[in-house]
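Below: the structure, in structure tokens.
No lab work stands behind these numbers, since they all come straight from the coordinates. Note that the structure is a prediction, hence the values are computed from the model and not measured. With ideal geometry, Cβ positions are generated from the backbone for all residues, glycine too; neighbour counts draw on all protein chains shown.
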Amino acid sequence: MERNRALEIVAKQLTDKRYKHTLGVTETAIHLAKIYNVDEKKAELAAIFHDYAKFRPLDEMKQIIIEQKFDSNLLEFNPELWHAPVGAYLVEHEAGISDSDILSAIRYHTSGREKMTSLEKVIYVADYIEPGRSFPGVDEARKLAEKDLNEALFFAVKNTILFLMNKNQSVFPDTFRLYNDLVKKER
Ligand SMILES: [Fe+2]
Ligand SMILES: [Fe+2]
């Protein structure tokens with residue numbers, strides 16, 4: 001799908017703020033894809049569509065998770081996680097994106113998972129460091145992303161877990177699996 005057509009489709013789903021975030025993620029994802037030899041077109045489309053379901057009603061997302069037999073653990077955890085797998089589903093069925101690499105990058109952009117593909121990593125990291133983000137540590141994450149995608153990913157997932165723990169929030173198992181997958185690797 002052509003970029004402008006994809007942007008037109010997501011613009012209808014998002015607030016202005018979230019649309020700007022999407023443009024930031026898209027530019028960052030293309031930049032990272034170039035550095036790390038990832039298909040730029042796939043990175044572009046995955047980034048454009050990554051938050052497609054962000055503003056869907058919780059009831060609708062819950063219904064899709066149940067009907068499509070997605071990981072039922074999702075329902076026990078933060079609903080903030082739901083827009084990622086539901087987004088992958090809706091992007092396929094409403095926007096007609098069928099590429100499984102793109103869909104899995106959308107599916108895992110919030111939780112992460114063990115053994116992520118390079119495209120999944122690019123989207124996860126781009127979502128974390130896009131130019132509109134500002135939080136303690138974002139500059140370090142941006143620096144790491146220029147040098148080593150796995151280091152940037154490790155930094156992002158570790159900070160995300162610490163952030164959730166400091167707020168006494170639950171951490172989805174896939175996120176811990178991503179952390180464990182990276183912590184034991186030589187980085
Ligand atoms: Fe998201
Ligand atoms: Fe996002």
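Think of the chain as having a plus end and a minus end, set by charges on the Cβ of Lys, Arg, Asp and Glu; of Trp82, Val171, Ser72, Val171 sits farthest toward the positive end of this dipole. For Ile97, the residues whose amide H sits under 5 Å from its own are Glu92, ignoring neighbours fewer than 5 places away on the same chain, with H placed 1.01 Å from N.
Note on the chain: GNM, Cα springs under 10 Å; of Glu44, Glu27, Glu94, the largest mean-square fluctuation is that of Glu94. Computed about the Cα centre, the dipole magnitude for the stretch 134-187 is approximately 120 debye when only Lys and Arg (+1) and Asp and Glu (-1) carry charge, each at its Cβ. Going toward the positive end of the dipole of the stretch 3-186, with +1 on Lys and Arg Cβ and -1 on Asp and Glu Cβ, which of Asn150, Ile102, Ser118 do you reach last? Final value for the positive-end residue is Asn150.
Among the trypsin sites (Lys or Arg not before Pro) in the stretch 57-111, those located in a DSSP loop and surrounded by at most 15 other Cβ atoms within 10 Å of their own Cβ are Lys69. Paramagnetic label reach from Asp71 (point 7 Å along Cα→Cβ; backbone nitrogen cut-off under 15 Å): within the stretch 156-187, residues 157, 161, 170-182. Each residue of the stretch 160-167 was assigned a 3J(HN,Hα) from its phi angle through the Karplus expression (A = 6.51, B = -1.76, C = 1.60, θ = phi - 60°), giving 5, 5, 4, 4, 5, 5, 5, 9 Hz with x at Gly and Pro.
Here's the picture: a label point sits 7 Å out from the Cα of Phe55 along the beta-carbon direction, and within the stretch 5-36 the residues with their amide nitrogen under 16 Å of it are 7-23.
Translational diffusion of the stretch 3-186, estimated by Stokes-Einstein from the Kirkwood radius over alpha carbon pairs at 4 °C in a medium of 1.567 mPa s, is 79 µm² per second. Residue exposure proxy: Leu149, Leu75, ordered by other Cβ atoms within 10 angstrom of their Cβ from fewest to most, comes out as Leu75, Leu149.
Distance between the pseudo-spin-label points of Thr117 and Asp139 (7 Å out from Cα toward the beta carbon): 3.6 nm.
Assuming charge only on the beta carbon of Lys and Arg (+1) and of Asp and Glu (-1), the dipole of the stretch 3-186 about its Cα centre is about 240 debye to the nearest 20.
Computed over the chain, relative contact order equals 22 percent, with contacts defined as Cα pairs under 8 Å that lie 6+ residues apart. The H on the amide N of Gly137, modeled in the peptide plane, is under 5 Å from the matching H of no residue at least 5 residues off or on a different chain.
Karplus-based coupling profile of the stretch 36-48, in residue order and whole Hz: 9, 6, 9, 4, 5, 5, 5, 4, 4, 5, 4, 5, 4, with θ = phi - 60° in 6.51 cos²θ - 1.76 cosθ + 1.60 and x standing for Gly or Pro.
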